[in-house]
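The values are calculated or read from the model by the stated rules, or taken from the named source; none is laboratory data. Bear in mind that the values here come from a model prediction, so they are computed numbers and not experimental data. Neighbour counts are summed over all protein chains in view; Cβ atoms, including those assigned to glycine, are modelled from backbone coordinates with ideal geometry. Please note that ligands, DNA and RNA were not included when accessible areas were found on the heavy atoms of the full protein model with its side chains. Shrake-Rupley method; radii C 1.70, N 1.55, O 1.52, S 1.80 Å.
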Amino acid sequence: MSAGLPDLFGQPLKADPEVALQPLQLDLPLKSGPLHKIQFVIEFVGQRTVLAGNAAQLLSPDWYQALGHPKLHAMRPADLQWQPLTPSTDGSYDSLALTWDLLGKPGNITSVSAAHLLDLSEAFSPYIQRRAMAMPVPREVDGHVRALKEAKSMLDIGFELSVMASKGSFSEKDLWIECVRLGLEFSPIGSFDWKVPGHPFPLLSITPIGQTDAFSLANVQRGMAHAGVTIGFSLPMNVAPAQAIEGCFYVAERIALDMGGRILDDSDRELTERIKQELRQNLKQGLSLFARAGMITGSAETIGLFK
């Protein structure tokens, strides 16, 4: 925290090692390149290496716009994983691929549009002396899109607890002190997060309940108070949900103990050991849905589907 903040809070803001959550050190394989579960992929296959200067033509406005602004991926002979294609004309590539999100913000890929993209890619193939291969094949794209829509609807699962102040409200100033004490980090969107180093989404987040759903220093300066706080996470984005739910229980119980509050689940039930077991079981059922869909929470594919 900034060195100037003690003037605002009356004390240094720092984690208390006696109560702070510790960062989880997880082995996060950073997947790059095509995400076949959620993308339409065209790879240029063949025995010849692809000259970097020829591949770079895909970045020219004519080709790039005609192909609908795909993500472009390449691997040089010494690469162990895919890299973004660059305009570099030096050297050559062993592998070259284009990808489009099947459920895209501009619109979903259809079998018709996939066939068009494959035709354009085949028109480019002679420049690099390779053949364009689509995955899935265009005629199967509509079915893949329907399945992804169903999976996205079924897997949009969240976990949430609330801690409501016993004496009317929590001051935001006191909540800042408590959250930092618990080892949580202030985020640019105004939440306090428990994070995994190297992963883009937190294990859990805390936000205020009341006039605003975001913390800020301006709120502290104004002396703002909140009826309570929400503690939770998005299951699709969570890389370690079993640890996250226990972290939510712990943080809620610490805030309730330290600041005076009642802990409620998302059905407004008082949190008890029985309810905690029920919530753990619900999480297991949610994870089984992901397993049946062939998806992993917190993975590049799942994040790409839900972001």
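Points to keep in mind about this one:
- Scanning region 243-282 for residues that are under 20 Å from Asp193 (Cα atoms), open to solvent by less than 70 Å² (accessible area, probe 1.4 Å) and under 28 Å from the mean Cα position of the chain (by Cα) yields a count of 12.
- Where a residue in region 29-48 is more than 14 Å from His73 (Cβ to Cβ) and its partner, wherever it lies, is open to solvent by 100 Å² or more (accessible area, probe 1.4 Å), with Cβ under 7 Å and at least six apart: Gly46/Gln129; Gly46/Arg131; Arg48/Gln129
- Condition met for Ile177 (closer than 15 Å to Val251 by Cβ and either open to solvent by less than 60 Å² (accessible area, probe 1.4 Å) or in contact with a Gly (Cβ under 7 Å, 6 or more places away or on another chain) (or both)): yes
- Residues of region 114-130 that are surrounded by fewer than 19 Cβ atoms within 10 Å (Cβ to Cβ) and either touching a Phe, Trp or Tyr at 6+ places or on another chain (Cβ under 7 Å) or without any contact (Cβ under 8 Å) to a residue 60 or more places away in the chain (or both): Ala115, His116, Asp119, Leu120, Glu122, Ala123, Ser125, Pro126.
- Cβ-Cβ contacts under 7 Å between residues 6 or more apart (or on different chains), taken from a first residue in region 280-296 that is farther than 17 Å from Asp265 by Cα to a second residue that is open to solvent by 60 Å² or more (accessible area, probe 1.4 Å) and in a helix (DSSP H, G or I), are listed as Leu289/Met154.
- Test: residue in region 169-185 that is part of a loop (DSSP other than H, G, I, E, B) and more than 24 Å from Pro12 (Cα to Cα): no
- In region 1-87, counting only helices (runs of 4 or more DSSP H) that sit wholly within it, the ones holding 3 or more residues that are surrounded by fewer than 18 Cβ atoms within 10 Å (Cβ to Cβ) span 6-9, 61-66.
- Take the conditions (1) more than 23 Å from Asp16 (Cα to Cα); (2) without any contact (Cβ under 8 Å) to a residue 40 or more places away in the chain; (3) open to solvent by 30 Å² or more (accessible area, probe 1.4 Å); Ser169 misses just one of them, which is (2).
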